[in-house]
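The next block holds one structure in the form of structure tokens; read it before the comments.
The values are calculated or read from the model by the stated rules, or taken from the named source; none is laboratory data. Treat the numbers as computed from the prediction; the structure is a model and nothing was measured. Reconstructed Cβ throughout: ideal geometry from the backbone, glycine too, with neighbour counts over all protein chains shown. Side chains included, ligands, DNA and RNA excluded: accessible areas come from the protein's heavy atoms. Shrake-Rupley method; radii C 1.70, N 1.55, O 1.52, S 1.80 Å.
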Amino acid sequence: MFAERGLSVPLREVADAAGVGIATLYRRFPTREDLITGVFTEKMTIYAESVETALADPDPWHGFCGYLETLCAMQAEDQGFTHVLTLSFPTAKAFEAQRRRAYQNFARLIGKAQESGRLRPDFVAEDLIMLLMANAGVLAATAQTAPNTWRRFLAYMIESFDTAATTDELPAPPSARAMFRAMRQAR
């Protein structure tokens, strides 16, 4: 249900679809956050492993672009995961550890892609969060009528990240703390 309708599905409907009573659902998952992180643990692991695959690519730019495509495709396939990627779950320690692992490896991937000369030098990890938030908006607006629009959006974004397209200096990026606050407010 989260994949089809997003994270705001009423828990009563989730319980009914699972064939259990609402009390059973709450015994197993005392909070909505517990349910969401339980449902998306496997996808969060795939998310974290996909950056490791990108790091192993002998061409850092190719790995970087492939990673972005993997994440945006994951968002396109699962409306709930679209939101999970742009939210934080501070009480779900293992879940957030996977996110941190992915984030730290993504920072390494950025460094490798920049060292290769292809990724613009002012790209920062917080730019990924902005990309995912923007892609979530594109997906929400076009999912029913033009479901592959995200691919064009991503292609534009990748082109803008390439040093060959760099023409002007960008405004300063938001701080990691500001983006974390934005993710928490989105909840």
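Tabulated results
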| quantity | calculated |
| --- | --- |
| Residue-span extension gain [Ala18 to Ala107] - 0.36 nm each, minus C-alpha spacing | 28.2 nm |
| In degrees, nearest ten, helix 93-115 long axis to first principal axis of the chain (Cα) | 10 degrees |
| Label-point separation, Arg177 to Thr163 (7 Å along Cα→Cβ), nm | 3.2 nm |
| Degrees separating the helix 60-77 axis from the principal Cα axis of the chain, which is the longest one | 30 degrees |
| Relative contact order (percent, whole number), the stretch 1-114, Cα cutoff 8 Å, 6+ residue spacing | 36 percent |
| Mean Cβ count within 10 Å, highest first, over the residues of peptides 148-160, 111-123 | 111-123, 148-160 |
| Accessible surface of the chain, 1.4 Å probe, proportion on carbon and sulfur as whole % | 55 percent |
| Calculated P(r) of the stretch 21-127 - Cα pairs past 16 Å, % | 60 percent |
| Calculated diffusion of the chain, Stokes-Einstein form, Kirkwood radius summed over Cα pairs, 4 °C and 1.567 mPa s, µm²/s | 74 µm²/s |
| Using alpha-carbon coordinates, inclination of helix 126-142 to the longest axis of the chain, degrees | 60 degrees |
| Principal axes of the stretch 14-58: Cα extent on each, largest first, Å | 51, 17, 10 |
